[in-house]
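Working notes, structure below.
The values are calculated or read from the model by the stated rules, or taken from the named source; none is laboratory data. Since the structure is predicted, the reported quantities are computational estimates derived from the model, not experimental observations. Please note: Cβ atoms are built from the backbone with ideal geometry, for glycine as well, and neighbour counts cover all protein chains shown. Accessible surface is based on the protein model in full, side chains and every heavy atom, while ligands, DNA and RNA are left aside. Shrake-Rupley method; radii C 1.70, N 1.55, O 1.52, S 1.80 Å.
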Amino acid sequence: MSIWTRILDAISALAAGESLADVFARLRSAPERRVGFAIAVIGLGAKMAKADGQVTRDEVTAFREVFQIAPEDEAAAARVFNLARQDVAGFEDYAKRVKAMYGDDCQPLCDLMDGLFHIAMADGTYHPGEDAFLARVAEIFEISDRKFRAMRARYVPDATPDPYDVLGVDPHSETAEIKSAYRDLVRETHPDRMIARGVPEEAVRLATDRMVEINAAWEEIQAERAA
């Protein structure tokens, strides 16, 4: 069964008058979280698309890139996007429901933020409204400022990534400690680990950009310390 069919099934189970945001309270087990992840990216992404005052073709296309939507699933995916865009619930309500779905498990929330940054940059610009939107979502998700800066630096051209921020370590840490943190991040970014924590198979391509950043940060620190 396609994940889009499962998403539509989850949405159809909502009672009359319920918001799309209410679906997150019912998606707590690991298999269901894949559905929740997709709805969260689409729901928050559709609302973020309004942050710069317009919904562009590029932003809609970005959903296809994040999820690798098959031609036969395009109609279902478009329906979910339109439902999210028309939902009266505010984005903060969405974000709080998503946070409750994942609890204290930060990594899936970081995966989700990666998808939102990808959508924000789909039209080639990073609007102040989008930055404020993403910063507030990160705050609700309880993502640290350091992690948020690292994500923004990877996607926004005028933001230079700090390699220590990328690896989540203190600049004064021993090299062995930094290497250990690097290896942990590589493991966490493996597609199998991402799928295990609830990222749909259709969205694991998000790991590619993150892995490039992680490797570049480690190489930069190694070169700096060897100099």
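A few points about this structure:
- Calculated [θ] (222 nm, deg cm²/dmol) that DSSP helices of n ≥ 4 give over the chain, each run adding -39,500 (n - 2.57): -21000 deg cm²/dmol
- Between 0 and 90 degrees, the angle of helix 128-141 with respect to the longest Cα principal axis of the chain falls at about 90 degrees.
- Carbon plus sulfur fraction of accessible area for the chain, probe 1.4 Å, in percent: 50 percent
- Whether the range 155-220 is rounded, prolate or oblate, judged on the alpha carbon gyration tensor where a/c under 1.5 counts as rounded: oblate
- With the gyration tensor restricted to C-alpha atoms of the range 60-156, the semi-axes of the equivalent ellipsoid amount to 22, 17, 13 Å, longest first.
- Per the Debye calculation on the range 93-227 with a single equal scatterer at every Cα and no solvent contribution, log₁₀ I(q)/I(0) for q = 0.20 Å⁻¹ amounts to -1.29.
- Check: the range 88-131 dipole with +1 on Lys, Arg Cβ and -1 on Asp, Glu Cβ, in debye: 160 debye
- For the range 66-156: accessible area per residue (Å², 1.4 Å): 42 Å²
- Given a 1.4 Å probe and the protein chains as shown, Glu74 ends up with an accessible area of around 70 Å².
- Only the Cβ atoms of Lys and Arg (+1) and of Asp and Glu (-1) were treated as charged; on that basis the dipole of the range 135-177 about its Cα centre amounts to roughly 280 debye.
- Lysine pair count for the chain [Cα-Cα under 22 Å; pairs on different chains or 8 or more apart]: 7
- Seen against the Cα atoms of the chain and their longest principal axis, helix 106-120 is set at about 80 degrees.
- Directionally averaged projected area (convex hull, Cα atoms, the range 112-154), nm²: 2.7 nm²
- Computed with a 1.4 Å probe on the full set of protein chains, the accessible area for Arg85 sits at about 80 Å².
- Every Cα-Cα pair of the chain was included, and the share exceeding 34 Å stands at 14 percent.
- Cα lying deepest toward the dipole's positive end in the chain, options Ala25, Ala95, Gly36, charges on Cβ: Ala25
- Farthest toward positive dipole pole in the chain [+1 Lys/Arg, -1 Asp/Glu at C-beta], among Tyr155, His190, Ile178: His190
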